[in-house]
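See below for the structure under consideration.
The values are calculated or read from the model by the stated rules, or taken from the named source; none is laboratory data. Nothing here was measured: the structure is a model prediction, and the numbers come from that model. Using ideal geometry, Cβ is built from the backbone for each residue, glycine included, and neighbour counts are taken over all protein chains shown.
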Amino acid sequence: MGLADLHIHTIYSYDGTATLQSVLRRAHEIGLNVIAITDHDEIAGSLEAVKLASHYGVEVIPGSEITTAEGDLLALFIHEKIQPGLSLIETLLRVKDQGGVAIAAHPMAGGMGMKSLTPYSILKALKHPIAGPILIGIETYNGSAIDRLSNHYAEIFASTLPIAHIGNSDAHTIDTIGFGATEFPGTTAADLLVSIRERTTQVRKMNEWSAVRVLGSWGIRYLESVFARLSLVSQVQQQTQA
């Protein structure tokens, strides 16, 4: 059985703290076979991670967490940035144009600026004859959710639908990568896609921190990343002056 985490942020997200290299290294260390880098409304980091992945023993699916007009959507197997702010259905159609698929991220979750899809939006999209088949999974466990009850509600809601249940970390630091994961038959991204389509995935809860600890970890890592960037800028300036 393979293990995947399809919702990970890096410094290419405005609120991410981890470099691509540290994410890939950590994913391999904890036994993940497949990951998706899904930075907010950005794909550049994900595409770069695809190129680096073979050096770290993990497979990377190119993706992005897209801010639709109705809430956040994980787009996977895409290769170009998709405009934020479109309706959910229009966004799904653009994902389809790139040969990708999508997962509803942390549905119904609130707090800390989370923009989550409602059951109404998801049901409406699933009924769409063209966009519906692109939405193939729902994140029923988000390992970084501050609103813990939302995981419970998402699981209940997903159980009424012909759609795969997905576990992800939504990691914004290397500390929480893999806290939520998806188990699937096989080990490759292709195997994972088949499993999601056939709804044979299993949610794996690897770890769980309190909301305070999640926020504290993010705060510390965010400050570290800020200082690291400032140090890099200073070094570049010194080299230029020399």
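Things to note:
- Selection status of Glu139, at negative phi and either more than 17 Å from the chain's Cα centre (by Cα) or among the hydrophobic types (A, V, I, L, M, F, W, C) (or both): no
- Count of residues meeting criterion [at pLDDT below 95, within 15 Å of Asp170 (Cβ to Cβ) and not hydroxyl-bearing (Ser, Thr, Tyr)] in the stretch 10-56: 3
- Screening His172 against (1) more than 24 Å from Leu20 (Cβ to Cβ); (2) surrounded by 15 or more Cβ atoms within 10 Å (Cβ to Cβ); (3) in contact with a Phe, Trp or Tyr (Cβ under 8 Å, 6 or more places away or on another chain) leaves a single unmet condition, (1).
- Contact map, the stretch 86-99: first residue part of a loop (DSSP other than H, G, I, E, B), second residue of a type in the set (Ser, Thr, Tyr), Cβ cut-off under 8 Å, separation 6 or more or different chains; pairs are Leu86/Thr68; Ser87/Thr68.
- Number of the exception - Gly110 against (1) in a loop (DSSP other than H, G, I, E, B); (2) in contact (Cβ under 8 Å) with a residue 12 or more places away in the chain; (3) over 16 Å from the mean Cα position of the chain (by Cα); (4) under 25 Å from Glu48 (Cβ atoms): (4)
Table: residues versus (1) at pLDDT 95 or above; (2) more than 14 Å from Leu6 (Cβ to Cβ); (3) of a type outside the set (Asp, Glu).
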| position | (1), (2), (3) |
| --- | --- |
| Ala109 | no, yes, yes |
| Ile136 | yes, no, yes |
| Glu139 | yes, no, no |
| Ala145 | no, yes, yes |
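- Test: residue in the stretch 119-133 that is part of a loop (DSSP other than H, G, I, E, B) and touching a residue at least 40 places away in the same chain (Cβ under 8 Å): yes
- Among strands (runs of 3 or more DSSP E) entirely within the stretch 161-220, having at least 2 residues that are in contact (Cβ under 8 Å) with a residue 24 or more places away in the chain, within 26 Å of Tyr12 (Cα to Cα) and of a type outside the set (Asp, Glu) singles out 164-168, 180-184.
- Any hit, the stretch 202-222, residues being exposed (fewer than 15 other Cβ atoms within 10 Å of the Cβ), on the phi > 0 side of the Ramachandran plot and among the charged types (D, E, K, R): no
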